[in-house]
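Colleague: Please read through the structure below; I'll follow up with questions.
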Amino acid sequence: MRGGRPSPPKANRELAALRSRLANAEAALRAVRNGEVDAVVVSGKGGSRVFTLAGAEHSYRVLIETMNEGALALTADKMILYANQRFAGMVKRPLEQVIGSSMRRFLSAEDRALLKTHLKRASESGAKFQVMLIAGDGSRMPVQISLRPMGGSSPSQRTIGVVVTDISEARRSEELLRALSKRVVQVQEAERGRVAFELHDNITQLVCAVLFRSQALADHLSPRDGTSKKEAMRLREMLGKTAEEVERISRNLGPTVLDNMGLATALSEAGTKFAERTGVSVDVACVKLIARMPADTELALYRILQEALRNVEKHASARHVTVSLRRIGGFVRLAIGDDGIGFEPGLRKAKGKGKRGLGLLSMRERAGYVGATFKISSRRRSGTEIEILVPMTAAVSAS
Ligand SMILES: Nc1ncnc2c1ncn2[C@@H]1O[C@H](COP(=O)(O)OP(=O)(O)OP(=O)(O)O)[C@@H](O)[C@H]1O
Ligand SMILES: [Mg+2]
C-alpha cells in the first residue's frame, strides 16, 4: 500500500514545484491580458512556435473582455468558439464550460427554433431578436441577441459574431408602464361610471322635469297666443332632444345595458344606435354566450367596439359595417369589419404636430389586459377588419 506514494518530504517538494509553476502561468496570463507581452513562444514536440500579440489586437481583446455585453463567436452549427467573461457571468457557468459547448444549451426549445431561423438569415446579413437566456442555476434573463456574419469562405465555415445584451431593466420598465396604463384605464372607467350615474340620476331627471313643465305650458297656451305657443312647443322639442342626448352620453360612459342584459345585447345595441346616428348600415350577428365572461373582459370588448366604430365614422367612408360575436373552439371572437377606404396599418401617418392617434393602440392594450389578442387587417380600398380573440381559459381565470 505504501510503495506507490512519495515520501512526505518528496511530496512537499513536488507540491511546492507545482505551486511555483502555477504562479508563473498566472503571471504570464496576467501579462498577456495587460498587454505587457508582444509574443508568446510555445515549445512542443515539433519545436518552438512563436505567436505574436499585436498591440491593436490587444486593445480589441481588452474591449471585448471588459464590455458590458456578452460577446460570442459561433460556428454555423451553433457551437461557441469564443465567449467573453461577461457572457459566462450571464449564464452563471465557468468560461471553460461555455467555450466548446452549444449555444442551444442556454435557450428554451422555443428560443432554439428562433435562433436557428435567425442564424440562417444571419449568414447573409445581420439579425436582432429577443430570447430568455437560461443560466446554469435555472434562472432566466431576458436578452437581446444581435448576430453578424464574420467571414469564412463557405456558409458552413462561416463564423457568426454575437452580442448579447441584458434587457431585464427595460423589460421591468415596460411592465411597470403597462401596469400603470392599466391602472389609468381602471380609474378612467370608475370615473366614467360615476359621471354616467350623476348624469342619469340627476341631470336626466331635471331635464325631464323641465320637459314636462314646458309640455304643460305648451298645452296651456291657446292657438291664439300665436308665437308664444310656437316658442313653448319648440322649447319642449329641444328639451326632448337634450334629454335623449344626455341619455346617450350617459349610456356611452357607463353601459348599464352591459351589466343588465349582457355583452351580446350591449354590442347589438351599440351597432344599431351607430347605424341610426350615422346612416351607415350595420349587420350585427352577436350570439349570446352560454356563460357570461368576467365584467372587465366584457367591458374591454364593448370599449373596443366603440373605438372601432369611432374610427369607421372618422376615417373609413364605409357604407356597410359588420359586427359579430361568437364562440370558436376555445375562444370568444369579436370581429368588426367595414367596406371603407382601408389603410396600411404598418404605415401609420403622423397626426398633426408629431401626434399619433391612440385609438388602435388603446384597443390593443385593452385586449392585452384581459389576455386577448388583437389583430387588424386592412388594405387600401379593401376595407378594414378588427379581430379580438379571448381564450376561454383567460376569460375564466380572470374572473
Ligand atoms: N376603419 C378604418 N378605415 C380607414 N382607416 C382607418 C380605420 N381605422 C383606423 N384607420 C387609420 O389608422 C389611423 C390610426 O387610427 P387610430 O384610431 O389609432 O387614431 P385616430 O383615429 O387617428 O386618432 P384617435 O383614435 O386618437 O382619435 C387613422 O388615422 C386612420 O388613418
Ligand atoms: Mg381612432
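Colleague: Return the residue satisfying two criteria in turn: it lies in the range 377-394 and is buried (at least 16 other Cβ atoms within 10 Å of the Cβ) and farther than 16 Å from Asp296 by Cβ, and of such residues it is nearest to ligand 1 (Cβ to nearest atom).
Modeller: Per the criteria, the residue is Thr384.
Colleague: More than 24 Å from Leu253 (Cα to Cα), out of contact with any Lys or Arg (no Cβ under 8 Å at 6 or more places or on another chain) and either assigned by TED's automatic domain parsing to the domain that holds Leu267 or assigned to a helix (DSSP H, G or I) (or both) - does that describe any residue in the range 296-314?
Modeller: So far as the range 296-314 goes, no, none of its residues is more than 24 Å from Leu253 (Cα to Cα), out of contact with any Lys or Arg (no Cβ under 8 Å at 6 or more places or on another chain) and either assigned by TED's automatic domain parsing to the domain that holds Leu267 or assigned to a helix (DSSP H, G or I) (or both).
Colleague: Answer with yes or no whether Thr227 is surrounded by 11 or more Cβ atoms within 10 Å (Cβ to Cβ) and over 30 Å from Leu147 (Cβ atoms).
Modeller: It is false that Thr227 is surrounded by 11 or more Cβ atoms within 10 Å (Cβ to Cβ) and over 30 Å from Leu147 (Cβ atoms).
Colleague: Among the listed residues Arg248, Arg277, identify the single one that is surrounded by fewer than 17 Cβ atoms within 10 Å (Cβ to Cβ), at pLDDT below 90 and basic (Lys, Arg).
Modeller: Of Arg248, Arg277, the one residue that is surrounded by fewer than 17 Cβ atoms within 10 Å (Cβ to Cβ), at pLDDT below 90 and basic (Lys, Arg) is Arg248.
Colleague: Ile341 fails exactly one of the following numbered conditions: (1) in a helix (DSSP H, G or I); (2) touching a helix residue (DSSP H, G or I) at 6+ places or on another chain (Cβ under 7 Å). What is the number of that condition?
Modeller: Status for Ile341: all satisfied but (1).
Colleague: Only residues that are more than 24 Å from Glu247 (Cα to Cα) and loosely packed, with under 13 Cβ neighbours inside 10 Å: list them for the range 207-224, please.
Modeller: Matches in the range 207-224: Asp219, His220, Ser222, Pro223, Arg224.
Colleague: Take the residues of the range 322-345 that are among the aliphatic types (A, V, I, L, M) and away from ligand 2 (no atom under 16 Å from the Cβ): which is surrounded by the fewest Cβ atoms within 10 Å (Cβ to Cβ)?
Modeller: Residue satisfying both the conditions and the ranking: Ile328.
Colleague: Shifting gears a bit: Of the residues that make up the range 54-75, is at least one assigned to a loop (DSSP other than H, G, I, E, B) and at pLDDT below 85?
Modeller: There is at least one residue in the range 54-75 that is assigned to a loop (DSSP other than H, G, I, E, B) and at pLDDT below 85.
Colleague: Name the one entry in Ser181, Ser173 that is in a helix (DSSP H, G or I) and touching an Asp or Glu at 6+ places or on another chain (Cβ under 8 Å).
Modeller: Ser181
Colleague: Something else about it: Among the residues that make up the range 352-362, is at least one of them closer than 19 Å to Val280 by Cβ and either modelled with pLDDT of 95 or more or not in a loop (DSSP other than H, G, I, E, B) (or both)?
Modeller: yes
Colleague: Checking the structure you have, find out if any residue of the range 322-329 is modelled with pLDDT under 95 and either part of a helix (DSSP H, G or I) or among the aromatic types (Phe, Trp, Tyr) (or both).
Modeller: The answer is no; no qualifying residue exists.
Colleague: Are there any pairs with C-beta distances below 6 angstrom linking a residue in the range 81-104 that is touching a residue at least 40 places away in the same chain (Cβ under 8 Å) to a residue that is among the acidic types (Asp, Glu), with the two at least 6 apart or on different chains, and if so which?
Modeller: As it stands, the answer is Lys92/Asp137, since those pairs meet every condition given.
Colleague: Report whether or not Ala285 is out of contact with any Gly (no Cβ under 6 Å at 6 or more places or on another chain) and in a strand (DSSP E or B).
Modeller: Yes: the conditions hold for Ala285.
The values are calculated or read from the model by the stated rules, or taken from the named source; none is laboratory data. Quantities reported herein were computed from a predicted structural model and do not represent experimental measurements. All Cβ positions, even for glycine, are placed from backbone atoms using ideal geometry, and neighbour counts span all protein chains on display.
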